[in-house]
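Student: Got a structure for you, written out below as structure tokens; questions coming shortly.
The values are calculated or read from the model by the stated rules, or taken from the named source; none is laboratory data. Given the structure is predicted, the values throughout are model-derived calculations rather than measurements. Cβ atoms come from the backbone with ideal geometry, glycine included; neighbour counts cover every protein chain shown. Areas reflect the complete protein model, heavy atoms only, side chains present, ligands, DNA and RNA absent. Shrake-Rupley method; radii C 1.70, N 1.55, O 1.52, S 1.80 Å.
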There are 2 protein chains.
Amino acid sequence: MAEKQEKNQALEEKTTFNIDKEKDFSNWFSEILKTAELADLRYNIKGFLVYQPWSVLCMEEMARLFEKALQRKGHKPYWFPVMIPEKNFHLEKEHVEGFAPEVFWVTETGDGSKLEEKFALRPTSETAFYQMFSLWIRSYKDLPFKTYQRANVFRYETRATRPFLRIREIHWIEGHCAFKSLEDSMKQVHEDMETTQELLHDAFGIPHIFFQRPQWDKFAGAVNTYAADALMPDGRMLQLPSTHCLGQNFSKPFNVKFVDENSQEQFAYLTCYGPAFDRIFAACIITHGDNKGLRFPFEISPLQVVIVPINFEKESKVLKKALELKERLLELNYRVEIDGSEKRPGEKFYFWEMKGVPLRIEIGPKELKAKELLVFRRDLEKKEKVKEKSLLEFVEKKGKEITKNLRETADKKFKDIILDAKTVEEAKKLLGEKKIVRASFCSTGLESAKCAEAIEKDLGAKVRGTRVDLKEKPFSNCLVCGKAAKEVVYIAFEY
Amino acid sequence: MAEKQEKNQALEEKTTFNIDKEKDFSNWFSEILKTAELADLRYNIKGFLVYQPWSVLCMEEMARLFEKALQRKGHKPYWFPVMIPEKNFHLEKEHVEGFAPEVFWVTETGDGSKLEEKFALRPTSETAFYQMFSLWIRSYKDLPFKTYQRANVFRYETRATRPFLRIREIHWIEGHCAFKSLEDSMKQVHEDMETTQELLHDAFGIPHIFFQRPQWDKFAGAVNTYAADALMPDGRMLQLPSTHCLGQNFSKPFNVKFVDENSQEQFAYLTCYGPAFDRIFAACIITHGDNKGLRFPFEISPLQVVIVPINFEKESKVLKKALELKERLLELNYRVEIDGSEKRPGEKFYFWEMKGVPLRIEIGPKELKAKELLVFRRDLEKKEKVKEKSLLEFVEKKGKEITKNLRETADKKFKDIILDAKTVEEAKKLLGEKKIVRASFCSTGLESAKCAEAIEKDLGAKVRGTRVDLKEKPFSNCLVCGKAAKEVVYIAFEY
């Protein structure tokens, strides 16, 4: 008996997750991947993951919400081939220089016959979409032409890979649009930033800042790049969706032309947008997770409600009631399961808390008699009695509260993390304290790339760019070269 | 004026689709792809399509319904890498022989550096899943282990490609499961056939027969293959989802073992299942399309309701009412759009009929005044007056009726198409009349492969196998060799 108890305790300890996320972040992240079964890293190609159900279910919900938003805003869905002929790449010079080093090439078929032409596994699909745009777009009446595809893209990362954060197969949506003017295309860039805000922040609770990237750090081939940076607990910034003003840089080599209102041929203005779910998922679990494991915003949680029957036997009334509650929740399209396993209730509690299920319903003979339920909220770690008849309203209301609470908690942490520095020394000190540095900078044009290189060399940190949401006035000279500053930039370590 | 009218007529004719589907099927199929903008064939890699919104939206709905069914039946979703190391392929001898000739190989990265090992673009993922199964499955308590992934797979088809029907990038779901006994695994095979019936037939209205394939025509590496064959109007059969009993053929080389109830190590019994949406979509439009264009079952139609305002001006009451109706339908999650373009009503009607939208709502000043609407059903080509206040109930009811009507119409055509032959001559005659031939056959074991080869050589047709839903008794000797027959098989041309 004692032996059995010991064994049970050992089991329980094994499923009890307890790592200090703030102090021991790196360990927290790698352990939660394993314990919650998010991804298996043992696949036999480096940098490629096997995504397990718990992450797939959440990322599918994220993608579904993005697709819904894009369709509502007039984007139409396409599926393009996974391969792009080598010659397409070479049409835009900066693009090929930026992406060619990272391409996986398909060169052979069957028993080793060489293909006449190499095909790239798409690292991104501008060079596939825009050759078709040139066939589809004829007149200003065809514009705006707004498309997207949900796809996997491939990058032969030469830097060290890290699960979800830097990997070689990325699961994303890429939006590609054509417009008749630069002004219209910039409206799209702003719409993309709003979409990001609505989903990343409002729905997934991930605070971030949109930066216009300096000229030396743009998407290869873009006129300007705008990227959402989220902040991780180790003080590093993580680039999330970015949107790019491509001007006519691609429409000229790919011949994307339209006849305008005055019967004149013009090159279209293009934009592209790319939310990657691997990174957004990572940002989500890192932002909301705590020392006991995962926490999910309600709408995107892989499982939203788990029902744990207490002191029940097969075909008992308790189990019947659990099934009845499950059916009622399923009818309203909640993702719900009963944990009817042989584990003890305590073990089940720890397990589902570690997995981050937002609501747990406990029901035993006592609750059955009183026609009420015990409901545990993962975010607050609090139990509440709920009348059985008001369960559905309760779940709906608490679902919204949970998402709001996680978002507000994350927003609070994000404040007071940005501090000003006037010298490289000050910047260094602040970065050491896991802060983001705000600093005056000579400019964000190519002429200032040297100052950014000095920051990278001396501090290991990167100049993220200028804020999109605020026009900020320099408050000192450039912190690197000491010359008059034109811009206020943000400096941080990055993933 | 006359000139303008002529121009309008020319335009109208251009958008009026009218091809005899039964008599001129091949032309019908290639023209509807272009006219309805289903896929663009001009992408510059042979055998690869650009899928346009109209097909993507339908295929996404199909995939969503399949995923929902699989999850309900206990399958968990995974995402596996698109690449599989060459050495994985070589573990199962028949599998590598079957698939190696069709593989695209990734051999280089970046500026042309050779990879140490070649990676296959997955043609199917048994050899990726089962190496992970060997890590995940430990005990009989882990079984059944039911998984799936939605993915794109790649086959370097050496036969002539044909849009949606035979292509080099396939969009599918692959289900992979492990069981403790052959019996359990055969139950899964039957569950897969039921899932196929529920979706392919009941929801998408595509009649089909499940055949157990002869031993010479199995999935490479399978013990037995069961495949759904649908019938196309040109008398050829199209293979749709197939499910495979793999026995221990893969669990042995991939070391997928479990400890049974008696603490003995056993190799698991595996099954796999593969609905490909490109082909299912093709079967759907071919089955239901008519001389005027597409027709879709209501639930999977890219657009379910189109509202055409008549005699309206900007900000008119008619347009306001159209917007109000759209909002009410959107709230119930219908896919609905208003066609507010400058085209004349007649043109719009032809266009949306060609596109196959199940319901069209017409509203003009007359309808507005009478508080009613004209609703056109694409499947019956009939208009009906509907009180505005009962529109939502009407749409729900008619939606179900449309799907039922299309399904029953297709079922009817499928009957009387199967006829018996006792000699090769009789079979030849029937095949010429676009029939499916039912015939007695010596056996479906490898020893009868010669008789099947004779059929293929003399008639160009293939032996599809024996029915799964009926046990049939031979009614003559083998139609080829004249020896005693053990089986009744079906013979048809195929895609």
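Student: Among the listed pairs B:K343/B:K382; B:K412/B:K471; B:K366/B:K389; B:K68/B:K415; A:K34/A:K382, which have their C-alpha atoms separated by more than 19 angstrom in this model? Don't skip to the answer; put the middle values down first.
Tutor: Numbers: B:K343/B:K382 22 Å; B:K412/B:K471 23 Å; B:K366/B:K389 16 Å; B:K68/B:K415 31 Å; A:K34/A:K382 26 Å.
Checking Cα-Cα distances, B:K343/B:K382; B:K412/B:K471; B:K68/B:K415; A:K34/A:K382 exceed 19 Å.
Student: Partner chain Cβ atoms within 10 Å, averaged over the residues of B:35-45 - can you pull that number for me? Before the final figure, lay out the partial values.
Tutor: Numbers: counts 0, 0, 1, 0, 2, 5, 0, 3, 9, 9, 11.
The per-residue average across the peptide is 4.
Student: Give the calculated FRET efficiency between A:E331 and A:K471 to the nearest 0.05, with a Förster radius of 51 Å applied to their Cβ-Cβ distance. Don't skip to the end; give the middle numbers.
Tutor: Values: r = 51 Å, r/R0 = 0.99.
E(calc), rounded to 0.05, equals 0.50.
Student: A further question on this structure: List, largest first, the extents of the alpha carbons of chain A along their principal axes, each in whole Å.
Tutor: Principal axes ranked by extent give 79, 55, 50 Å for the Cα atoms.
Student: Relative to the longest principal Cα axis of chain B, at what angle does helix B:2-15 sit, 0 to 90 degrees, rounded to 10?
Tutor: Its long axis makes an angle of about 20 degrees.
Student: Continuing with this model, one more query. I need the semi-axes of the equivalent ellipsoid of the stretch A:29-180: take the C-alpha gyration tensor, multiply each eigenvalue by 5, square-root it, list largest first in whole angstrom.
Tutor: Each semi-axis is the square root of five times an eigenvalue, giving 30, 24, 13 Å.
Student: Let me ask you something else. Between A:T161 and B:A484, with labels modelled 7 Å along Cα→Cβ, what's the label distance in nm to one decimal, could you check?
Tutor: Going from the A:T161 label point to the B:A484 one covers 5.9 nm.
Student: What full-extension length gain, to one decimal in nm, is calculated for B:L323 and B:N311 as 0.36 nm per residue of separation minus the Cα-Cα distance? Mind showing how you got there, number by number?
Tutor: Details: separation 12, 0.36 × 12 = 4.32 nm, distance 1.51 nm.
Length gained between B:L323 and B:N311: 2.8 nm.
Student: Right, another one. Give me the distance between the Cα centres of the stretch B:167-244 and the stretch A:40-94, rounded to whole Å.
Tutor: 28 Å
Student: Same structure, new question: Calculate one ³J(HN,Hα) per residue across the stretch B:472-482 by plugging θ = phi - 60° into the Karplus curve 6.51 cos²θ - 1.76 cosθ + 1.60, and present them in order as whole Hz with x for glycine and proline.
Tutor: In residue order, the calculated couplings are 10, 9, x, 10, 6, 6, 3, 5, 9, 8, x Hz.
Student: From the backbone phi of the stretch A:234-244, what are the Karplus-calculated ³J(HN,Hα) couplings (6.51 cos²θ - 1.76 cosθ + 1.60, θ = phi - 60°) in whole Hz, Gly and Pro given as x?
Tutor: For the stretch A:234-244, the Karplus-derived couplings read 8, x, 9, 9, 10, 6, 10, x, 10, 10, 10 Hz, x marking Gly and Pro.
Student: Another question, if that's okay. From the label point of B:K385, set 7 Å from Cα along Cα→Cβ, how far away are the matching label points in the other copies, in nm, ordered shortest to longest?
Tutor: In ascending order, 6.1 nm.
Student: I'd like the accessible area for B:V463: 1.4 Å probe, protein heavy atoms, all chains in place, Å² to the nearest 10.
Tutor: Surface open to solvent at B:V463 totals about 10 Å².
Student: When DSSP beta bridges are limited to those with both residues in the stretch A:25-288, what percentage is antiparallel, rounded to the nearest 5?
Tutor: Numbers: 46 of 49 bridges.
Taking every DSSP beta bridge within the stretch A:25-288, about 95 percent pair in antiparallel fashion.
Student: Give me the percent of accessible area attributable to carbon and sulfur for the protein assembly as shown, probe 1.4 angstrom.
Tutor: That share works out to 49 percent.
Student: Report, to one decimal in Å, the Kirkwood hydrodynamic radius for the stretch A:418-494 based on all distinct Cα pairs.
Tutor: Numbers: mean 1/r = 0.0836 Å⁻¹.
After inverting the pairwise mean of 1/r, the radius is 12.0 Å.
Student: What do you get for Rg/Rh of the stretch B:303-398 when both radii come from the Cα atoms and Rh is the Kirkwood radius? Mind showing how you got there, number by number?
Tutor: Values: Rg = 12.1 Å, Rh = 13.2 Å.
Using Cα coordinates only, the ratio equals 0.92.
Student: If each of B:E494 and B:K413 carries a label point 7 Å out from its Cα toward its Cβ, how far apart are those two points in nm?
Tutor: Calculated label separation equals 2.2 nm.
Student: Could you put B:R295, A:R213 in order of accessible surface area, largest first, with the 1.4 Å probe and the full protein assembly present? Walk me through the intermediate numbers first.
Tutor: Details: B:R295 40, A:R213 5 Å².
Ranked list, largest accessible area first: B:R295, A:R213.
Student: If you don't mind, there's one more thing I want to ask. List the aspartates and glutamates whose alpha-carbon lies under 13 Å from that of B:K429, not counting same-chain residues fewer than 8 positions away?
Tutor: Those aspartates and glutamates meeting the cut-off are B:D420, B:D458.
Student: Further question: Nearest 10 degrees is fine. How inclined is helix B:53-72 to the longest principal axis of chain B, computing both from alpha carbons?
Tutor: 50 degrees
Student: Go through the stretch A:267-282 residue by residue and turn each phi into a ³J(HN,Hα) via Karplus (6.51, -1.76, 1.60, θ = phi - 60°); whole Hz please, and just put x for glycine and proline.
Tutor: Karplus-based 3J(HN,Hα) across the stretch A:267-282 equals 7, 6, 9, 10, 9, 9, 9, x, x, 9, 6, 4, 6, 5, 4, 4 Hz.
Student: Moving on. Keeping all protein chains in place and using 1.4 angstrom, which order do A:F493, A:F441 fall into by accessible surface area, from largest down? The partial results should precede the final answer.
Tutor: Numbers: A:F493 60, A:F441 0 Å².
The most accessible residue leads, giving A:F493, A:F441.
Student: Now a separate question. Over 20 Å between Cα atoms, which of A:K46/B:K114; B:K76/B:K141; B:K21/B:K355; B:K292/B:K371; B:K21/B:K462 qualify? Write out the running numbers ahead of the final one.
Tutor: Details: A:K46/B:K114 15 Å; B:K76/B:K141 16 Å; B:K21/B:K355 15 Å; B:K292/B:K371 31 Å; B:K21/B:K462 24 Å.
Cα-Cα > 20 Å for B:K292/B:K371; B:K21/B:K462; rest within.
Student: A further question on this structure: Taking H placed 1.01 Å from N in the peptide plane, check which residues at least 5 places from A:Y148 or on another chain put their amide H under 5 Å from its amide H.
Tutor: Correct list: A:K76, A:Y78, A:H176.
Student: Cα-based Rg (one decimal) and Dmax (whole number) for the protein assembly as shown, in Å?
Tutor: Just the Cα atoms of the protein assembly as shown yield Rg and Dmax of 30.4, 100 Å.
Student: Please give every one of the aspartates and glutamates within straight-line cross-link reach of B:K457, meaning a C-alpha to C-alpha distance under 18 Å, and leave out same-chain neighbours fewer than 8 residues apart.
Tutor: B:D217, B:E425, B:E426, B:E447, B:E494
Student: Modelled label-to-label distance, A:K73 and A:E393, 7 Å Cα→beta-carbon offset: nm?
Tutor: 3.6 nm
Student: So, for chain B, what is the accessible surface per residue at a probe of 1.4 Å, expressed in square angstrom? Don't skip to the end; give the middle numbers.
Tutor: Values: 21580 Å² over 495 residues.
Per residue, chain B has an accessible area of 44 Å².
Student: Where does helix A:345-355 land angle-wise versus the long Cα axis of chain A, in degrees 0 to 90, nearest 10?
Tutor: 10 degrees
Student: Given the pairs B:K87/B:K146; B:K314/B:K400; A:K321/B:K257, which are separated by over 32 angstrom at their Cα positions? Walk me through the numbers before you get to the answer.
Tutor: Details: B:K87/B:K146 25 Å; B:K314/B:K400 34 Å; A:K321/B:K257 38 Å.
Among B:K87/B:K146; B:K314/B:K400; A:K321/B:K257, the Cα-Cα distance tops 32 Å for B:K314/B:K400; A:K321/B:K257.
Student: Continuing with this model, one more query. Please compute the contact order of the stretch A:416-485 in relative form: average sequence separation of alpha-carbon pairs under 8 Å and at least six residues apart, divided by the residue count, as a percent. Numbers along the way, then the final one.
Tutor: Details: 84 pairs, mean separation 26.3, N = 70.
Relative contact order comes out at 38 percent.
Student: With a 1.4 Å probe, what is the total accessible area buried between chains A and B, in Å² rounded to the nearest 100? Intermediate values should be presented prior to the final figure.
Tutor: Numbers: alone 24090 and 24090 Å², together 43160 Å².
Interface between A and B: roughly 5000 Å².
Student: Another question about this same structure. Give the peptides A:232-240, B:90-98 in descending order of average Cβ contacts within 10 Å, highest first. Display every interim value, and only then the final one.
Tutor: Details: A:232-240: 19.7, B:90-98: 16.6.
Most protected by this proxy first, the peptides run A:232-240, B:90-98.
Student: Okay, next question. Compute the distribution of all C-alpha to C-alpha distances in the stretch A:25-288, in bins of 10 Å from 0, and list the percent of pairs in each, rounded to whole numbers.
Tutor: Final binned percentages: 7, 28, 35, 22, 7, 1, 0.
Student: Cross-link candidates for B:K483: which lysines have Cα within less than 19 Å, leaving aside residues fewer than 8 places away along the same chain?
Tutor: Counting by Cα, and skipping residues close in sequence, B:K483 has these lysines nearby: B:K422, B:K450, B:K473.
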